[in-house]
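Remarks on the structure that follows.
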Amino acid sequence: MRVEFDETRCVAAGQCAMVAPDVFDQREDDGVAIVLVTEPGPEHFDEVREAAAVCPAAAIHLVER
């Protein structure tokens with residue numbers, strides 16, 4: 001799995017960082033999400049899929065391999 005993130009769509013809701021904190025975080029200055037791991041391991045797949053599903057801006061796209 002590869003995580004693709006469209007920063008311009010992010011509304012800084014923080015849902016991704018709450019659901020998958022090992023893969024996503026937020027910038028301190030404006031709260032926009034950042035991807036910590038673009039290719040997470042299988043142990044994170046479920047939470048990354050959930051993070052993409054709950055993103056209110058649909059800024060997270062997953063490329064499944």
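No value in this document is a laboratory result; all are computed from the given coordinates. Please read all numbers here as calculations on a predicted model, not as lab measurements. FYI the Cβ positions are ideal-geometry reconstructions off the backbone, even for glycines, and counts take in every protein chain you see.
Figures for the structure shown
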{"quantity": "Relative contact order %, the chain, counting alpha carbon pairs below 8 Å whose residues are six or more apart", "calculated": "46 percent"}
{"quantity": "In nm, spacing of pseudo-spin labels at ASP25 and VAL54 (7 Å Cα→C-beta vector)", "calculated": "2.0 nm"}
